[in-house]
1. Spelling out what I want: for every residue of segment 193-210, take phi, set θ = phi - 60°, compute 6.51 cos²θ - 1.76 cosθ + 1.60 (Karplus), and round to whole Hz; glycine and proline get x.
2. Report the net charge of residues surrounding ALA257, where surrounding means a beta-carbon distance below 11 angstrom and charges are Lys +1, Arg +1, Asp -1, Glu -1.
3. Near the amide H of ILE310, under 5 Å away, which other amide H atoms are found, from residues 5 or more places off or on another chain, if H is placed in the peptide plane?
4. Arranged from highest to lowest average of other beta-carbon atoms within 10 Å per residue, in what order do the peptides 134-147, 324-337 appear?
5. Mind scanning LYS144/LYS247; LYS101/LYS144; LYS11/LYS101; LYS172/LYS331 and naming the pairs with a C-alpha gap bigger than 31 Å?
6. Sorted by mean Cβ packing within 10 Å, highest first, what order do the peptides 88-95, 123-130 take?
7. Pairs of alpha-carbon atoms within less than 8 angstrom and 6+ residues apart define the contacts here; what relative contact order does segment 1-70 have, in percent?
8. Can you tell me the FRET efficiency between SER270 and PHE65 if r is taken as the Cβ-Cβ distance and R0 is 56 Å, rounded to the nearest 0.05?
Amino acid sequence: MILEACASNIKFAANSLLAGELVGLPTETVYGLAANALDAEAVQRIFELKGRPTHNPLIVHIADFASIRSVANIPAQGPIADWLEKLKVFWPGPLSVVLPKSERIPDNVTAGSNSVAVRIPDHPVALELLVSCKLPLAAPSANKSNYISPTSAAHVLEEFGEKLACILDGGKCNVGLESTVLSLIHQQPTLLRPGAISKEQLSRALGVEIFEYKSQNAENAKVLLSPGMLSKHYSPHTPLILAGDLKNAASLSGKRAGYISFNQRSPLISPERFTKVSFLSHSGDLNEAARNLFHTLREHDRANLELIVIENCQESGIGNAIMNRVLRALKRDVSFLQQ
Ligand code: TXA
Ligand code: MG
């Protein structure tokens, strides 16, 4: 059930969380599937409903900076405390930070690891709910494991129907991509997932280089720092390929294909050949494109197409996060195009 996010419905959602139920939570990045992070049984239901492997840990959401110490064990002095202080400027906002975990956090939240990812979301409804329930909330993106993250309340309803206590309607997500994940538990701050807060911004704020495993190489890395780095992340059911891989138009003949362009003014391929065409931005604005990406992928996936073709965008700033998600959603084997 989707509920308007008025004060009484937020109170209802808070009481549901306190009673161990799950709530669809709007944030500025994507919608979350929230449970009381201190209730191992409620957290267990998140894994069951999502079909999420239990080795993939969840992000804990809190209302303010002062609450970090209630979910993480921050040494009074040293690099972690210093870095955290410098990262304050990004909160509330689309940044999750991996820290040493507090004993209060049940093991299933962190998939048995002794670190916890924490974030303060920049959405008035999420913040009101966090204040109202006075709980840290464990919330992964509110999609079935391996499908596209939701950026509206309607997407969450599509995923979980009536299985949640409620879905608070916070409108369309303003960022549209999942948060940047930065680990502070290594010698050097380490980027685990690119997002709207870029590696360059983090590096400037911290005054140090940020280490990064390229997600494409993560499966070969000796130590997998974050299970979410596995290169195949989520994808539409319909095969998704890059415009650059569509070597000749003949391979499209007779096929119902969708086309997703970054720029209405200058699409890379002539759109006439496609059954369904969408533009992520009017003018090539990558923030607008990020906001529209997941919704557009879902729309194309519902349009009874045989394939979806998407353009590349420039891989800098938020473009880096966009291409990270696009590359992980692609169908690698494009031999079906020759058939
Ligand atoms: O924007 C977001 O982060 C959204 C909204 C709802 O806040 N949440 C989200 O959660 O994207 P999820 O579960 O879909 O992605 C969490 C990512 C995964 O890649 C997970 O592996 C990583 O964070 N993660 C969580 N805890 C971690 C930890 N202790 N160490 C390393 N990686 C961790
Ligand atoms: Mg997710």
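Read-outs throughout are calculated quantities, based only on the coordinates presented, and are distinct from any laboratory measurement. Here the structure is a predicted model, which is why all the values come from computation and not from measurement. Glycine gets a Cβ as well: all are built from the backbone with ideal geometry, and neighbour counts include every protein chain shown.
1. 8, x, x, 5, 8, 7, 4, 5, 4, 5, 4, 5, 5, 8, x, 9, 5, 9
2. Cβ neighbours under 11 Å give a net charge of +3.
3. Residues meeting the criterion, in which the H sits 1.01 Å from N, are ILE241, LEU242, ALA243, ILE260.
4. The densest-packed peptide leads the list: 134-147, 324-337.
5. Result: LYS144/LYS247 exceed 31 Å.
6. The densest-packed peptide leads the list: 123-130, 88-95.
7. 17 percent
8. With R0 = 56 Å, the Cβ-Cβ based efficiency is 0.65.
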